[in-house]
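Down below is the structure, laid out as structure tokens.
The values are calculated or read from the model by the stated rules, or taken from the named source; none is laboratory data. Given the structure is predicted, the values throughout are model-derived calculations rather than measurements. As a convention, Cβ positions derive from the backbone with ideal geometry for all residues, glycine included, and neighbour counts pool all protein chains shown. Just so you know, the surface numbers come from the protein's heavy atoms only, side chains and all, with ligands and any DNA or RNA stripped out. Shrake-Rupley method; radii C 1.70, N 1.55, O 1.52, S 1.80 Å.
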Amino acid sequence: MTGCSQADETLAVPDTSEAPAAEAGPEADDLAALALTVADLPSGGWSLEPSTSTDSEDAEVSTDKSTGDLCALDFASALSVDEADNLNGHTFTRETLDQTLSTGVFIVEDGEQVIADLSAELASCTEPLATTENGRDTLIEIDDLVGGEAAIEGDSLACRQIKMTFGYNAFAGSICFVADGDLVVSTMTTGPSMSPVQAEEFAQLTNAATQKAFAAR
């Protein structure tokens, strides 16, 4: 998921003799620098998931097409981006517990409105959703984030806890979107239902992500 902008082919030269130019905000190409790195993470055991595959894994693999359904955890349309992948973020794994942390930083037109819309739509996901992911029958449940949202910093945020069942495999996690102006930071954790990332740690990870990204403002 990413935002982008393209300059017009011809640009008028502004008259800067009267007033100084406004300070430019971060461009889309710079957003990855605002995302968490391993050194930024407040808790231990996480490693950066490799971004490249080995030669034996270079074959192209198809992906499920976007559904636009937030209850199916498809947030691309809500963030007005072309891809649901975290193109401006990183994915970390904690192999000992089979846990995953994904982060992203996105530019939107109105962060507070995006968060308000996300919160309202996620609140409407009151029933389990049966879908198919990569050919596997999947059940997704979204509920209020228990025990963690109060510790997450920010005036404009939408956070939920999720449960996913792939066949006989059950996973649990948390997801949060926090806005500051035109920047939105996302964090998402997943892990086996018996050993998910706990609410306190999820709040710490989310706060670390927003503190780093919003410090550039």
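Observations, loosely collected:
- Multiplying the residue separation of THR37 and THR91 by 0.36 nm and subtracting their alpha-carbon distance yields 18.5 nm.
- Modelled FRET efficiency - R0 22 Å, LEU129 with ALA151, Cβ distances, 0.05 increments: 0.20
- Summarising the label geometry, the points placed 7 Å from Cα in the beta-carbon direction at ASP144 and SER47 lie 3.9 nm from one another.
- For PHE166, solvent-accessible area (1.4 Å; no DNA, RNA or ligand), Å²: 30
- The order of ASP144, ASP69 by accessible area, most exposed first and with a 1.4 Å probe, is ASP144, ASP69.
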